[in-house]
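See below for the structure under consideration.
The values are calculated or read from the model by the stated rules, or taken from the named source; none is laboratory data. Since the structure is predicted, the reported quantities are computational estimates derived from the model, not experimental observations. Note that we place each Cβ from the backbone using ideal geometry, even for glycine, and neighbour counts take in every protein chain shown. For accessibility, only protein heavy atoms count, side chains too; no ligands or nucleic acids. Shrake-Rupley method; radii C 1.70, N 1.55, O 1.52, S 1.80 Å.
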Amino acid sequence: MPGKAPNAVGCLPSISGPRALNAALHSAIEHPFALDRPQDYLRWRERKLARYPRRIEDLIVEVRDPRNLSDSEAVEIQRVCGTANMAVYASPLADVADKDIARRLGARLGLSRLHANPLADEDGISSLEVTPEKSGRGYIPYSNQRLLWHTDGYYNAPEQRNRAFVLHCVRPAATGGENRLLDPEIAYLLLRDADPRFVQALSAPDAMTIPANEEDSAAMRPAQSGPVFSTDGGALHMRYTARTRSIEWRPDEATRAAARLLRQVLDAGSPYVFTLRLAAGQGLVCNNVLHDRSAFTDAPGRGRLVYRARYFDRVGPA
């Protein structure tokens, strides 16, 4: 693997002037997701894999009260999230139905711009539980059916990009309801290692189109085209859904091949995929990782309840 990246100052040329200085600084900054800078990618890849968690237990941070994180608890969640774009907190607040848990925890981690989607509750946070009125309109998160692999807000316009979300479990299901989780940076890495042309195809501005929703007046939206992989302030952003009825791939063989490989990565039992069944009082904090959910069965009179808060922000650094 390549050695340590050169010191930025040492890369500066002897010529002077603001334009030359800006160009030199830009050249010295790593751009790991730029296909024309393979050495930057290889350095980033080496660091990413060297510190990547090996087990779901490596993602778990014990906290006393997620509504009032201590400095050390917040830093540890941010540190873990920095390695895998996700962290799991475990608290003693089982069966505590308090939406301030998600809201205050998010704010403590730099998540302040809540995205109140049309189906969220009045406070902008969604109560994910079996709701016949919503599930009957085709919204699977409000049913007990399985959810296929996706990132949140994949149907949104770029200015409404979901960069992070928090899930807090008040009550788990009696059986089922597990999530599988994959860091989008790992998905990118696996596809780029297979063939950079896969990443190039999925980075096209019209790689994936979500047809318009014209059937539900409460959540109407136009068709939305965009890339699967893009950069956002230097960070990698991913939008994806494994659904087939609500997606149109760019009609060329490179895009179709890339989409097939991505689906294989997600379904092949990769060691980078974590499986998690949130217990009461546990929560997931992430930079909009790929995830699915298995079907579940509720106990009589005691349904699964998970709060979901979506954000326009990313989790802040430790």
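Summary table below
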| read-out | value |
| --- | --- |
| Boolean, residue 241 is of a type in the set (Ser, Thr, Tyr) and in contact with a Gly (Cβ under 9 Å, 6 or more places away or on another chain) | no |
| Output for segment 267-291, where each listed residue is modelled with pLDDT under 95 and either open to solvent by less than 20 Å² (accessible area, probe 1.4 Å) or part of a loop (DSSP other than H, G, I, E, B) (or both) | 268, 269, 270, 271 |
| Hits in segment 173-198 - residues which are within 30 Å of residue 304 (Cα to Cα) and open to solvent by 40 Å² or more (accessible area, probe 1.4 Å) | 174, 175, 178, 180 |
| Residue check for residue 66: touching a Lys or Arg at 6+ places or on another chain (Cβ under 9 Å), in contact (Cβ under 8 Å) with a residue 24 or more places away in the chain and either farther than 22 Å from residue 171 by Cβ or not aliphatic (A, V, I, L, M) (or both) | yes |
| Failed item in (1) of a type in the set (A, V, I, L, M); (2) under 19 Å from residue 161 (Cβ atoms); (3) without any contact (Cβ under 8 Å) to a residue 40 or more places away in the chain, with residue 268 passing the rest | (2) |
| Single unsatisfied condition, residue 166 versus (1) among the β-branched types (Val, Ile, Thr); (2) open to solvent by 20 Å² or more (accessible area, probe 1.4 Å); (3) in contact with a strand residue (DSSP E or B) (Cβ under 6 Å, 6 or more places away or on another chain) | (2) |
| Segment 55-73: number of residues that are more than 19 Å from the chain's Cα centre (by Cα) and either under 15 Å from residue 102 (Cα atoms) or buried (at least 17 other Cβ atoms within 10 Å of the Cβ) (or both) | 8 |
| First in segment 110-125 and within 24 Å of residue 138 (Cα to Cα) and open to solvent by less than 20 Å² (accessible area, probe 1.4 Å), second anywhere and assigned to a loop (DSSP other than H, G, I, E, B) and hydrophobic (A, V, I, L, M, F, W, C), Cβ under 7 Å, 6 or more apart | 115/312; 124/116 |
| 1 or more residues under 15 Å from residue 284 (Cα atoms): qualifying strands (runs of 3 or more DSSP E) within segment 75-164 | 86-90, 126-128 |
| Odd one out for residue 298, checked against (1) in contact with a Leu (Cβ under 7 Å, 6 or more places away or on another chain); (2) over 30 Å from residue 41 (Cα atoms) | (1) |
| In segment 126-163, the residues that are of a type in the set (S, T, N, Q), open to solvent by less than 50 Å² (accessible area, probe 1.4 Å) and under 26 Å from residue 96 (Cα atoms) | 126, 127, 131, 135, 143 |
| Test: residue in segment 208-219 that is of a type in the set (A, V, I, L, M), at pLDDT 95 or above and either in a loop (DSSP other than H, G, I, E, B) or under 16 Å from the mean Cα position of the chain (by Cα) (or both) | no |
| Sole exception among (1) part of a loop (DSSP other than H, G, I, E, B); (2) at pLDDT 95 or above; (3) not aromatic (Phe, Trp, Tyr) for residue 255, by number | (1) |
| Tally of residues being open to solvent by 30 Å² or more (accessible area, probe 1.4 Å) and either in contact with a helix residue (DSSP H, G or I) (Cβ under 6 Å, 6 or more places away or on another chain) or in a loop (DSSP other than H, G, I, E, B) (or both) across segment 228-252 | 9 |
| Some residue of segment 50-60 being modelled with pLDDT of 55 or more, farther than 28 Å from residue 269 by Cα and not hydroxyl-bearing (Ser, Thr, Tyr) | no |
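Yes/no per residue for (1) open to solvent by 80 Å² or more (accessible area, probe 1.4 Å); (2) modelled with pLDDT under 95; (3) hydrophobic (A, V, I, L, M, F, W, C); (4) more than 30 Å from residue 170 (Cβ to Cβ):
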| residue | (1), (2), (3), (4) |
| --- | --- |
| 3 | no, yes, no, yes |
| 15 | yes, yes, yes, yes |
| 19 | yes, yes, no, yes |
| 43 | no, no, no, yes |
| 79 | yes, no, no, no |
